[in-house]
Amino acid sequence: MSRASRLTSTAVALSLVASGVVVAVGATDEAGAQTPRHKSQGASCAAVTPATIQSTLNQTVGKPSVTKGAATVCTYKVQGGAGTVLVRFQPGVTKSAFTSAEKQFSSHGEPTTPVAGLGSAAYSSTIGSGTYTTNTIVVLKGSNQLLVTAEAPLSSVQALATAILPKM
C-alpha cells in the first residue's frame with residue numbers, strides 16, 4: 001500500500017471515529033444502555049454526483065460505494081489515483097453531540113478550525129502535509145450532519161460541502 005493510500009485510509013478512519021460513526025452496531029447512552037440503530041434519513045449519495053465532485057475537487061470519480069446504517073457513507077474512488085472522496089450523512093445529531101465529535105477529532109490527532117457560513121455550525125480538520133494532505137469539513141445543518149473528506153485543498157472540500165448542503 002502506498003504512503004498516499006495509507007494516509008488516506010488513516011484520515012478517513014480517524015474522521016469516522018472522531019465524528020462518532022458506528023454503522024455496524026448500535027451505540028450506548030450515558031448510562032451504558034444500548035440505543036437502537038436507525039436507518040439514515042434525509043440526503044443520500046444521489047445528492048453527490050461524480051460531476052459535482054469533478055467541478056468542486058477537480059477529481060474524476062466513479063459511482064460511490066454506499067454503506068447505510070445510523071449514517072449513510074458514500075465512498076468515491078478517485079480514478080487514476082489511490083485516493084478516495086468520502087461523504088457521510090447522519091441524521092438526528094444534536095448540537096451537543098456535534099461539539100463532542102469535534103473534540104474527539106483533536107483527541108485523535110486531528111486539530112479542528114471553526115468554519116463560518118456553513119450550516120448552524122461547522123469545522124475543518126487537516127491531516128498530513130504536502131502532497132499527502134487530507135482535508136475534512138464537518139457541518140451541522142439542523143439535526144443533520146455532513147462530513148466530507150478528500151485529498152484536495154481545504155477550499156475545494158468546502159466548495160463540495162457547500163454544493164451538497166442545499167440537498168440536505
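Brief remarks on what is shown
Let's see how each residue does on (1) closer than 17 Å to residue 43 by Cα; (2) among the polar types (S, T, N, Q); (3) modelled with pLDDT under 95; (4) more than 15 Å from the chain's Cα centre (by Cα):
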| position | (1), (2), (3), (4) |
| --- | --- |
| 107 | no, yes, yes, yes |
| 112 | no, yes, no, no |
| 115 | no, no, no, no |
| 119 | yes, no, no, no |
| 122 | no, no, no, no |
| 131 | no, yes, yes, yes |
| 136 | no, yes, no, no |
| 141 | yes, no, no, no |
| 144 | yes, yes, no, no |
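- Of the residues making up region 59-70, those that are free of Cβ contacts under 8 Å to residues at least 60 places away in the same chain and either acidic (Asp, Glu) or buried (at least 19 other Cβ atoms within 10 Å of the Cβ) (or both) number 3.
- Top-ranked residue of region 138-157 - restricted to ones that are of a type in the set (Ser, Thr, Tyr) and surrounded by fewer than 23 Cβ atoms within 10 Å (Cβ to Cβ), ranked as farthest from residue 57 (Cα to Cα): 143
- Filter result for residue 66 (of a type in the set (A, V, I, L, M), closer than 19 Å to residue 156 by Cα and in contact with a Ser or Thr (Cβ under 9 Å, 6 or more places away or on another chain)): no
- Strands (runs of 3 or more DSSP E) lying entirely in region 87-164 (those with 1 or more residues that are touching a helix residue (DSSP H, G or I) at 6+ places or on another chain (Cβ under 6 Å), of a type outside the set (D, E, K, R) and touching a residue at least 60 places away in the same chain (Cβ under 8 Å)): 121-129, 132-141, 144-150
- Region 52-72, subset in a strand (DSSP E or B) and not β-branched (Val, Ile, Thr), residue farthest from residue 146 (Cα to Cα): 65
Residues are listed down the side, and each one gets a yes or a no for (1) surrounded by 16 or more Cβ atoms within 10 Å (Cβ to Cβ); (2) modelled with pLDDT under 50; (3) in contact with an Asp or Glu (Cβ under 7 Å, 6 or more places away or on another chain):
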| site | (1), (2), (3) |
| --- | --- |
| 8 | yes, yes, yes |
| 28 | no, yes, no |
| 31 | no, yes, no |
| 34 | no, yes, no |
| 80 | no, no, no |
| 86 | yes, no, no |
| 93 | yes, no, no |
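- Residue that is farthest from the chain's Cα centre (by Cα) [pool: residues in region 74-105 that are among the hydrophobic types (A, V, I, L, M, F, W, C) and more than 14 Å from residue 138 (Cβ to Cβ)]: 82
- Test: residue 75 is assigned to a strand (DSSP E or B), at pLDDT 95 or above and of a type in the set (S, T, N, Q): yes
The values are calculated or read from the model by the stated rules, or taken from the named source; none is laboratory data. Please read these numbers as outputs of a predicted model, since none were measured by experiment. Every residue, glycine among them, receives a Cβ derived from its backbone with ideal geometry; neighbour counts consider all protein chains shown.
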